[in-house]
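Below is one structure, written out as structure tokens, with a few remarks after it.
Readers should treat all values here as calculations from the given coordinates under stated rules, not as data from a laboratory. As the structure is a prediction and not an experimental result, all values here were calculated from the model. Glycine gets a Cβ as well: all are built from the backbone with ideal geometry, and neighbour counts include every protein chain shown.
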Amino acid sequence: MSLVSREEESLHIPAANRTEVFDVTGAGDTVIAIMTLALAAGLSVVEGAYLANYAAGLVVRKLGNATPTREELAWAIEHWPASPGLEKAE
């Protein structure tokens, strides 16, 4: 995932899940939904991008159009490579 801005340097975020991809249906919709939710909740664009990246990494592990649960997001934050600015789930 890449964030491009006129004011700041571009940010390139590697895929959170590179090994268990079964179906990419809905991954982009998931990114848009999670980014919107993150911004509405007051997170920064960078934090939202990292969270959306985790969410997309989760839904591609499922067949068909799917959504990540809160518990799955917490698991991904805890077990997948660290993302700056996101706290580890407890």
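At a glance:
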| quantity | calculated |
| --- | --- |
| Count - residues of the stretch 34-65 that are under 21 Å from GLU78 (Cα atoms) and either in contact (Cβ under 8 Å) with a residue 24 or more places away in the chain or within 9 Å of the chain's Cα centre (by Cα) (or both) | 21 |
| Subset of the stretch 3-33 that is within 17 Å of LYS62 (Cα to Cα) and free of Cβ contacts under 8 Å to residues at least 40 places away in the same chain - its residue that is nearest to the chain's Cα centre (by Cα) | VAL31 |
